[in-house]
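Single-structure report; data block below.
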Amino acid sequence: METLANKRSQITVRVLKYDGTEYRRWTASLAQQEDSLLVLDAEFEYDVQHQLLGEINRGTRTIEYYWLDRWYNIFRFLDDKGQTRLFYCNVNMPPAYADSTLSYVDLDIDILAQPDLSYQVLDQDEFEKHAELFGYDDDTRRQAHSAVDELIAMIEQRQFPFSGSRESLC
């Protein structure tokens, strides 16, 4: 019997720096696509030590929300029971999706939101450093700051995916 996981398309996610250098890569399953939104279901392939999140064990599951026309994505980390452990939001250039590969340029600013939707903005200093190093143009800088404002509004107003509604989207 074929499972839902077998029916889902496998996607390679590539994270790039502004100069096009690949920074990270993993595989995920395409759980759903609705207009410009792609929802991926992924598991960490190896243990990762994260500066803020601590140990992320191999097998940790994430539901990842990418909009092809937005300057951010949102990862919903799940605990062993499938409940939301935290949200990790990445500010990035709008992703490109072709030939089963989703690629995006990471712009370093992140937002960490807890299940109670308290949040903190991270790595703004890293954004400024890389903006100088890579020569981000004015539009990129403006879009990144607008993305932070939009994400904060989504969190504070408990909009999808922070609302818990549209659970059909994983």
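The values are calculated or read from the model by the stated rules, or taken from the named source; none is laboratory data. What you are looking at is a predicted structure, and each value in this text was computed from that prediction instead of being measured. Here the Cβ positions follow ideal geometry from the backbone for every residue, glycine too, while neighbour counts run over all protein chains shown.
Tabulated values for the structure
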| quantity | calculated |
| --- | --- |
| Filter result for Pro115 (in a loop (DSSP other than H, G, I, E, B), at pLDDT 95 or above and out of contact with any His (no Cβ under 9 Å at 6 or more places or on another chain)) | no |
| Within the range 109-136, considering residues that are under 24 Å from Arg158 (Cα atoms) and free of Cβ contacts under 8 Å to residues at least 24 places away in the same chain, the one surrounded by the most Cβ atoms within 10 Å (Cβ to Cβ) | Asp110 |
| Among the residues listed as Asp106, Asp139, the single one being loosely packed, with under 14 Cβ neighbours inside 10 Å and not small (Gly, Ala, Ser) | Asp139 |
| Count of residues meeting criterion [surrounded by 13 or more Cβ atoms within 10 Å (Cβ to Cβ) and more than 13 Å from the chain's Cα centre (by Cα)] in the range 24-53 | 11 |
| Every residue from the range 54-86 that is part of a loop (DSSP other than H, G, I, E, B) and either β-branched (Val, Ile, Thr) or under 15 Å from the mean Cα position of the chain (by Cα) (or both) | Thr60, Leu68, Asp69, Arg70, Trp71 |
| Residue satisfying all of: in the range 133-168; farther than 21 Å from Met93 by Cα and assigned to a helix (DSSP H, G or I); modelled with the lowest pLDDT among these | Ser168 |
| Residue count, the range 89-99 (criterion: touching a Lys or Arg at 6+ places or on another chain (Cβ under 9 Å) and modelled with pLDDT under 95) | 0 |
| Conditions (1) under 20 Å from Asp19 (Cα atoms); (2) at pLDDT below 95; (3) in a strand (DSSP E or B); (4) acidic (Asp, Glu): number failed by Glu126 | (3) |
| Residue among Ala98, Ala113 that is over 14 Å from Tyr66 (Cβ atoms) and of a type in the set (A, V, I, L, M) | Ala113 |
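This table checks each residue for (1) over 30 Å from Asp138 (Cα atoms); (2) aromatic (Phe, Trp, Tyr).
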position	(1), (2)
Val13	no, no
Tyr18	no, yes
Thr21	no, no
Leu30	yes, no
Tyr46	yes, yes
Lys81	yes, no
Leu86	yes, no
Asn92	no, no
